[in-house]
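The values are calculated or read from the model by the stated rules, or taken from the named source; none is laboratory data. Because the structure is a prediction, the values reported are computed rather than measured. Backbone-built Cβ (ideal geometry, glycine too); neighbour counts: all protein chains shown. Heads up: the accessible areas ignore ligands, DNA and RNA and are worked out on the full protein's heavy atoms, side chains in. Shrake-Rupley method; radii C 1.70, N 1.55, O 1.52, S 1.80 Å.
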Amino acid sequence: TNPIHIVGGGLAGSEAAWQVAQGGRTVVLHEMRPVRATDAHHTDGLAELVCSNSFRSDDANGNAVGLLHQEMRSLDSLIMRTADAHQVPAGGALAVDREGFSRAVTAALEEHPNITIVREEVAGLPPEDWGSTILATGPLTSPALAEAVGTLTGRESLAFFDAIAPIVHRDSIDMGKAWFQSRYDKAGPGGTGADYLNCPMDREQYEAFVAALIAGEKTAFKEWEASTPYFDGCLPIEVMAERGPETLRHGPMKPVGLTNPHNPTVKAYAIVQLRQDNALGTLFNMVGFQTKLRHAEQVRVFRTIPGLENAEFARLGGLHRNTYLDSPRLLDATLRLKARPQLRFAGQITGCEGYVESAAVGLMAGRYALAEAEGQTLAPLPPTTALGALIGHITGGHVEAPEEAERNAPRSFQPMNVNFGLFPPLAQMPRNETGKRLRGPEKAALKKRALTDRAREDLAAWMTGERLPHAAE
Ligand code: FAD
């Protein structure tokens with residue numbers, strides 16, 4: 001039988017190789033290090049962690065990434081098994097001894113009878129006669145391969161930098177201050193005329209806000225990122241603020257075409273707009289707010305915006321070198337490139353973010369490739385699980401703003417960590433024993449508990465092929 005080829009032995013490629021090999025199929029894993037280096041890796045080990053040694057929270061009852069850990073463990077994840085075996089103390093987080101971790105992943109793959117590792121750069125599209133192939137070459141995909149993929153997908157569908165605006169959980173926005181309205185009530189294709197959430201500022205608030213953006217501490221580009229271009233249309237918000245006190249008021253914060261129903265007689269001096277970010281309507285992104293402010297500064301400064309005082313952020317802003325596809329348009333539900341289905345993508349190049357998420361997408365890409373090679377079809381993952389929510393975001397859950405398509409603006413699919421905003425809302429809000437409506441932290445904790453319980457039930461049913469308990473929700 002033909003082996004399945006996997007290009008890239010990082011977090012995603014290593015996990016995908018393990019899944020295929022454990023399923024009884026042979027794998028050829030092509031990894032370019034040490035023949036060719038990247039700007040961030042320092043070793044020739046597989047699954048090298050290029051920066052932090054943390055897999056983030058390990059709390060499977062209150063945290064989406066903790067739940068993802070648990071789901072991956074139940075699907076025989078090599079990355080999770082190895083992380084557990086190489087843990088270092090880190091409170092509620094799962095952190096690992098990075099060298100021990102990478103060495104153990106490398107050994108597990110080298111010793112596996114179904115896996116052959118070839119140390120070479122795949123410097124163009126994989127040859128057709130390889131058949132089923134998974135590309136998992138990461139945010140620093142080698143230029144020759146990136147070039148070839150860009151030619152295949154169309155240049156505009158492969159980004160080399162992300163420009164991330166913060167994303168806020170809709171239910172943390174104060175609707176006593178914010179309101180829904182599109183500028184001039186314009187309803188684009190698929191729009192209602194009330195597609196944006198608007199947060200008003202008076203002059204004093206605006207001036208203080210601009211000053212805070214300029215003074216706020218920024219993250220530096222890494223040396224090799226120094227050539228990161230600022231594209232017109234996605235300049236960091238603080239760079240715009242530095243251009244003059246009026247720049248933001250005439251740019252993303254312009255107050256025209258909008259009337260504040262909470263205060264109709266007073267014209268706002270500036271307005272922050274948030275736009276729906278996922279099909280579920282649970283997440284909203286801050287339009288034009290891509291930024292290099294440090295994360296803690298973003299939370300502090302953006303919570304001064306009226307209506308966002310208690311905002312919970314599903315993702316904070318950033319700007320990095322990052323190779324990733326416009327996956328919702330390009331990939332099918334099993335991560336295959338629609339234009340060339342023998343190619344699958346996995347890991348950060350699909351537009352997920354983070355070590356754990358990259359490995360999770362690798363896990364599913366491996367399982368999809370394996371099922372296909374065996375002539376089987378995997379039932380779709382329940383969207384109520386962390387794995388399903390993540391794959392759903394990548395392959396179709398993201399909504400494009402109608403007027404962006406009209407303006408030919410830069411597409412808005414941006415990398416994302418797993419978070420509860422990607423999960424379908426609960427059919428019923430949980431209540432405590434007294435049956436009272438809950439508020440604040442108690443409500444948030446019970447909601448997370450209910451979401452994680454629902455995910456566990458649905459994943460268990462999916463794994464045994466049963467009808468999903470929450471399919472009707
Ligand atoms: P990688 O782990 O990068 O694996 C891709 C592999 O493909 C590499 O081994 C590479 O050598 C190989 N490769 C590339 N091109 C070719 C080719 N043409 N032929 C053969 N092999 C090739 N995430 C976190 O959760 N925490 C962090 O602290 C963190 N810090 C980061 C810091 C930086 C500088 C970067 C760039 C990313 C960071 N990330 C972090 C994000 C991301 O989760 C990691 O990059 C993660 O390793 C991505 O997994 P991956 O498998 O998709 O890619």
Per the list (1) more than 22 Å from the chain's Cα centre (by Cα); (2) at pLDDT below 95, residue check on Met32 breaks on (2)
Being at pLDDT 95 or above and open to solvent by less than 10 Å² (accessible area, probe 1.4 Å) narrows Val118, Val122, Val168 down to just Val168
If we keep only residues of the range 34-74 that are out of contact with any Lys or Arg (no Cβ under 6 Å at 6 or more places or on another chain), open to solvent by less than 10 Å² (accessible area, probe 1.4 Å) and within 8 Å of the ligand (Cβ to nearest atom), then the residue farthest from Gly92 (Cα to Cα) is Leu46
**Request:** Please work out if Arg155 is in contact (Cβ under 8 Å) with a residue 60 or more places away in the chain and open to solvent by 40 Å² or more (accessible area, probe 1.4 Å).
**Result:** no
The residue that is nearest to Glu374 (Cα to Cα), considering only those in the range 1-28 that are assigned to a strand (DSSP E or B) and more than 9 Å from the ligand (Cβ to nearest atom), is Ile4
Subset of the range 390-436, residues at pLDDT 75 or above, assigned to a loop (DSSP other than H, G, I, E, B), touching a helix residue (DSSP H, G or I) at 6+ places or on another chain (Cβ under 8 Å) and closer than 19 Å to Tyr324 by Cα, comes to Phe413, Pro415, Asn417, Val418
Considering residues that are among the aliphatic types (A, V, I, L, M), under 17 Å from Gln205 (Cα atoms) and buried (at least 17 other Cβ atoms within 10 Å of the Cβ), the number found within the range 241-274 is 7
- prompt: Quick check, is Pro127 open to solvent by 40 Å² or more (accessible area, probe 1.4 Å) and away from the ligand (no atom under 12 Å from the Cβ)?
  reply: yes
Among (1) more than 11 Å from the ligand (Cβ to nearest atom); (2) farther than 16 Å from Glu31 by Cα, Thr116 falls short only on (2)
Condition set of a type in the set (Phe, Trp, Tyr), surrounded by 12 or more Cβ atoms within 10 Å (Cβ to Cβ) and under 29 Å from Thr282 (Cβ atoms), scope the range 182-228, selection modelled with the lowest pLDDT: answer is Tyr196
Scanning the range 201-226 for residues that are more than 16 Å from the ligand (Cβ to nearest atom) and β-branched (Val, Ile, Thr) gives Val210, Ile214
Across the range 1-18, the tally of residues that are out of contact with any His (no Cβ under 8 Å at 6 or more places or on another chain) and open to solvent by 10 Å² or more (accessible area, probe 1.4 Å) stands at 5
Picking from Ala163, Ala178, the residue that is within 16 Å of the ligand (Cβ to nearest atom), touching a Cys at 6+ places or on another chain (Cβ under 6 Å) and touching a residue at least 60 places away in the same chain (Cβ under 8 Å) would be Ala163
| message | Whether any residue in the range 81-97 is touching a Gly at 6+ places or on another chain (Cβ under 7 Å), at pLDDT 95 or above and open to solvent by less than 20 Å² (accessible area, probe 1.4 Å) is what I want to check. | response | no
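To keep it simple, each residue is scored yes or no on (1) at pLDDT 95 or above; (2) within 13 Å of the ligand (Cβ to nearest atom); (3) open to solvent by 10 Å² or more (accessible area, probe 1.4 Å); (4) under 30 Å from Ser14 (Cα atoms).
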position	(1), (2), (3), (4)
Arg294	yes, no, yes, no
Glu297	yes, no, yes, no
Ala314	no, no, yes, yes
Arg329	no, no, yes, yes
Arg336	yes, no, yes, yes
Arg340	yes, no, yes, yes
Ala346	yes, yes, no, yes
Ala359	yes, yes, no, yes
Pairs returned, first residue in the range 363-379 that is over 20 Å from Arg81 (Cβ atoms), second residue that is acidic (Asp, Glu) and part of a loop (DSSP other than H, G, I, E, B), beta-carbon separation under 9 angstrom, 6 or more apart or interchain, are none
Can you find a residue in the range 321-343 that is in contact with an Asp or Glu (Cβ under 7 Å, 6 or more places away or on another chain) and assigned to a loop (DSSP other than H, G, I, E, B)? yes
